[in-house]
Amino acid sequence: AERLNALNDELEKRVAERTQKLENALGELESFSYSISHDLRAPLRAVNGYAGMLLAEHRSDFPPEVVEKINTIKENGQRMGQLVDGLLEFLHSGSEQIERQVIHPGEIVQSVLERLRPQYENRQVEFVVGDLPPCSANLRLLDKVYEGLISNSIKFTRTQEVAHIEIGAWQQDGGPVYFVRDNGVGFDMKYYEKLFGVFQRLHHISEFEGIGASLAIVNRIINRHGGRIWAEAEVGKGAVFYFTLGNYFS
């Protein structure tokens, strides 16, 4: 029995040591990624700035094919800048402290809808906001979750004459399940594994703008709250995203 206990103690010690080493390595990798991404901003600003100056001050001096190439440089520089910003936001979503408080999600949703108004004010968009039970979460991060999901629904219903976006919840054992549902373009469920990856896109950029980071950020925030997120969709018939947050209040 003593030998068995000693072996168990040794095993637990090794697991703890390796877990700590893995956490340290992941922390160093994330710190390195953050540093590199941050340092890329300055040269990208220079590329975009000089390309813009060339077009503003010397457009008439260049033949059309040169103007087109400079425009391509500028557009790709801006795209790279968006990718860097998206990566920094993704990394930051994993480092912010989860300071929980009692939150009424309905108040967050109303604030997000008002903030996103410029994205839909010239369209026919019908929002239905149901009863959203209170929860325990980080206020700023939950705001990012709703902003990411609602903004996606607004974007991917753009081809609909009348967009329908429903934001609600239902009760299950352990607490409520929150959801955001729309009647947009949806997606093919066979690509589901890509859905929450960083810079993964299920639609071509020529159809819908974006860098493919928002759902990865939402997924990371939900996971850090001890919850989970999943989705259901059908091409041409819309999508619904569900999430839980852990540590609920009834």
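The values are calculated or read from the model by the stated rules, or taken from the named source; none is laboratory data. All figures in this text were calculated on a predicted structure; none of them were measured in a lab. Note: ideal-geometry Cβ built from the backbone for every residue, glycine included; neighbour counts use all protein chains shown.
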Result of the Cβ filter at 7 Å on segment 147-169, keeping first residues that are within 15 Å of ALA233 (Cα to Cα) and in the same structural domain as VAL128 (by TED's automatic domain parsing) and partners that are surrounded by fewer than 18 Cβ atoms within 10 Å (Cβ to Cβ) and among the charged types (D, E, K, R), at least 6 apart or interchain, is HIS164/GLU126
Matching residues, segment 117-148, being aliphatic (A, V, I, L, M) and over 19 Å from ILE98 (Cβ atoms): VAL125, VAL128, VAL129, LEU132
Of all the residues that make up segment 110-169, how many are β-branched (Val, Ile, Thr) and touching a Phe, Trp or Tyr at 6+ places or on another chain (Cβ under 8 Å)? 5
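Residue by residue, here is whether (1) surrounded by fewer than 17 Cβ atoms within 10 Å (Cβ to Cβ); (2) among the small types (Gly, Ala, Ser); (3) within 15 Å of the chain's Cα centre (by Cα) holds:
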{"site": "VAL102", "(1), (2), (3)": "yes, no, no"}
{"site": "GLY106", "(1), (2), (3)": "yes, yes, no"}
{"site": "LEU113", "(1), (2), (3)": "no, no, no"}
{"site": "PRO118", "(1), (2), (3)": "yes, no, no"}
{"site": "VAL128", "(1), (2), (3)": "yes, no, no"}
{"site": "ASN138", "(1), (2), (3)": "no, no, no"}
{"site": "LYS155", "(1), (2), (3)": "no, no, yes"}
Of a type in the set (Val, Ile, Thr) and at pLDDT 85 or above: is that true of VAL47 in this structure? no
In segment 102-141, which residues are modelled with pLDDT under 95 and among the aromatic types (Phe, Trp, Tyr)? TYR120
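Just a yes or no: is a residue in segment 190-199 part of a helix (DSSP H, G or I) and modelled with pLDDT of 90 or more?
no
Would you please name the residue that is modelled with the lowest pLDDT, looking only at residues in segment 152-189 that are of a type in the set (S, T, N, Q) and closer than 21 Å to ARG228 by Cβ?
The initial filter retains those residues of segment 152-189 that are of a type in the set (S, T, N, Q), namely 152-153, 157, 159-160, 171-172, 183.
Add one more test, that the residue is closer than 21 Å to ARG228 by Cβ, and what stays is 152-153, 171-172.
On the way: ASN152: 91, SER153: 94, GLN171: 88, GLN172: 84.
In this case the residue turns out to be GLN172.
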Suppose we keep only residues that are touching a Phe, Trp or Tyr at 6+ places or on another chain (Cβ under 7 Å) and without any contact (Cβ under 8 Å) to a residue 60 or more places away in the chain within segment 180-197. Which one would you say is surrounded by the fewest Cβ atoms within 10 Å (Cβ to Cβ)? VAL185
